[in-house]
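Let me begin by presenting the structure, written as structure tokens, before commenting on it.
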Amino acid sequence: MKRRRIYFDYAASTPLDSNALKAMMPYLKREFGNPSSAHGFGQAPRAAIEEARERVAEFLGAAPEDIVFTSGATEANNLAIQGAVFASKEKKPHIVASSFEHESVLGVIKELERRGSVETTYVEPTGEGIVEAGRVEKALKRNTVFVSVMYVNSEIGTVQPVEEIGKMLQKAAPQALFHVDAVQAAPFLDCNTARISCHFMTLSSHKLYGPKGAGALFVKKGVSLTPFLYGGGQERAMRSGTENVASLVGFGAAVREAANGRTAIANVKIRHLRDRMLKGMMRAVPGVELNGSLELRVPSNINVRVEGVAARELAQVLDTKGIAVATGSACTERSQEPSHVLLSLGLSRQEALSSFRITLGKHTMKEEVEKFLKVFPAVVSQLRI
């Protein structure tokens, strides 16, 4: 009998929701027309895309015309940052970003720095993994045009005070555009853009039980962006290229599932399993320490360091036993370097390399948690010898 594998890496990607798959099927088969075509074959795909746009807009408390569909969160983040910088009238725009943003934010900022296009101030989080509004305010300059603080950190799951930061920016730097990467927040937290007072917000379909290949950028009405993809003028000329109809339809269906009230119920279950898992790990194995705040954290996330154990080896051994965990965000897991997120908390290189991440989801079962808690102490003992 084939062993059932256990998945504890929902922050990297989620399984496709059955309703999302069902919604996608007509656009993978029968409704194959190009949504830009004026004839009948293009009308159904176009209508389906606009329905998906309405669902995403409703999820964000926005208008449909504020939503730009992309291939995913990386493209959305790139569009927000590059688009805002190149549309700026400042001779050398200043950017403020937290030092533990996702690589799709930090990577493009560092490239713009390398080109001499921007200057940047990186705001360090507290040891608990929180980017305080006061620290962001101190980093502001007269020529600050863009501020980026993610809603939930992708590795340690800590929730940032984005609403407080948004209100502060309205007073202290009304010229600055506020970008919030909400990829990890969307399954658990209210992402109303008006409440947060942001100009941009990023979502990713496959972190919400939707398909890969779809994402969205909220762009507040009146904000100027310079596109970096040119062509047929799709997405209000903000993102040219034939739309990925099936994935966008699945994205819309997944967003509807996330917003329909089931998420709140699921969060209670996920939090209970997460707390059971964390307490069990700490009881069974000496030297297990949580990275970041437990209170200001999404209910799915555990990020711990295990004294005397290399996290990469731990993850590899667990994988041989059919249990999938992560040593960082999926985009950097192949790197041999310690996580920039963990180093930003003040952890040593050795502590960072001994840290791994567990993230649970709506399909996680109690039996899976219990199996992990039986296996974990033996694996640690094996690796500590």
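Throughout, read-outs are computed from the coordinates displayed, never taken from laboratory work. Bear in mind the structure is a predicted one, so any value in this text is a computation, not a measurement. Reconstructed Cβ throughout: ideal geometry from the backbone, glycine too, with neighbour counts over all protein chains shown.
Give me Met281, Met150 ranked fewest to most by other Cβ atoms within 10 Å of their Cβ, as a rough exposure proxy. Walk me through the numbers before you get to the answer.
Working: Met281 20, Met150 26.
Arranged by neighbour count, lowest to highest, Met281, Met150 become Met281, Met150.
Run lengths n ≥ 4 of DSSP H only: what is the helix-derived mean residue ellipticity at 222 nm for the chain, with -39500 (n - 2.57) per run over all residues, to the nearest 500?
Details: 13 runs with 158 residues, N = 385.
Result for the chain, helices only: -13000 deg cm²/dmol.
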(message) In the stretch 238-373, if the dipole is taken from +1 on Lys/Arg beta carbons and -1 on Asp/Glu beta carbons about the Cα centre, which of Thr327, His363, Val288 is farthest to the positive end?
(response) His363
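Given Cβ point charges of +1 (Lys, Arg) and -1 (Asp, Glu) and nothing else, what value in debye, to the nearest 20, does the dipole of the stretch 18-259 about its Cα centre take? Working shown, then result.
Values: 26 positive and 26 negative charges, 115 e Å.
Magnitude of the dipole: close to 560 debye.
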(message) Under a Cβ-only charge scheme (Lys and Arg +1, Asp and Glu -1), can you give me the dipole magnitude of the stretch 47-173 about the Cα centre, in debye to the nearest 20?
(response) 780 debye
(message) Running a GNM on the chain with Cα contacts under 10 Å, which residue among Glu164, Glu124, Glu75 ends up with the highest mean-square fluctuation?
(response) Glu164
(request) For each of Met24, Met238, Met365, count neighbouring Cβ atoms within 10 Å of the residue's Cβ, then give the residues from fewest to most. (result) Met365, Met238, Met24
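Below 12 angstrom from the Cβ of Thr364, what's the summed charge of the other residues (Lys, Arg +1; Asp, Glu -1)?
Values: positive: Lys269, Arg271, Arg274, Arg276, Lys362, Lys366, Lys371; negative: Asp9, Glu367, Glu368, Glu370.
For residues surrounding Thr364, the net value is +3.
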(message) Testing the spin-label approximation: label points 7 Å from Cα along Cα→Cβ at His39 and Ser224. State their distance in nm.
(response) 4.1 nm
(request) Choose one of Ser148, Ser36, Ala52: the residue whose Cα lies farthest towards the positive end of the charge dipole of the stretch 18-259 (beta-carbon charges +1 Lys, Arg; -1 Asp, Glu; about the Cα centre). (result) Ser36
(request) Choose one of Ala264, Gly233, Phe8: the residue whose Cα lies farthest towards the positive end of the charge dipole of the chain (beta-carbon charges +1 Lys, Arg; -1 Asp, Glu; about the Cα centre). (result) Phe8
(request) Compare Tyr230, Tyr27, Tyr151 in a GNM of the chain, Cα atoms joined below 10 Å, and give the one with the largest fluctuation. (result) Tyr230
(request) Any chance you could run the full-extension gain for Ser381 through Arg236? It's 0.36 nm times the residue separation minus the Cα-Cα distance, nm to one decimal. (result) 46.5 nm
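Starting with the fewest neighbours, write out Cys191, Cys198 ranked by other beta-carbon atoms found within 10 Å of each beta-carbon.
Values: Cys191 24, Cys198 27.
Listed from fewest to most nearby Cβ atoms, that is Cys191, Cys198.
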(request) Please identify which residues in the stretch 165-197 have an amide N closer than 19 Å to a label point set 7 Å out from the Cα of Glu65, following the Cα→Cβ vector. (result) 193-194
(message) Could you derive backbone 3J(HN,Hα) for the stretch 119-136 from the dihedral phi with the Karplus parameters 6.51, -1.76 and 1.60 (θ = phi - 60°), listing whole Hz in sequence and x where the residue is Gly or Pro?
(response) 10, 9, 10, 9, 9, 7, x, 6, x, 8, x, 10, 8, 6, 4, x, 5, 5
(request) Choose one answer from Val123, Val375, Val136: the residue with the largest mean-square fluctuation in a GNM of the chain with alpha-carbon springs under 10 Å. (result) Val375
(message) Could you tell me the relative contact order of the chain? Use alpha-carbon pairs under 8 Å, at least six residues apart, and round to a whole percent.
(response) 23 percent
(message) Taking 51 Å as R0, compute the FRET efficiency from the Cβ-Cβ separation of Arg30 and Lys321 and round it to 0.05.
(response) 0.75
(message) Please list, in order along the stretch 171-176, the HN-Hα scalar couplings obtained from phi with the Karplus expression 6.51 cos²θ - 1.76 cosθ + 1.60 (θ = phi - 60°), rounded to whole Hz, x for Gly and Pro.
(response) 8, 7, 8, x, 7, 7
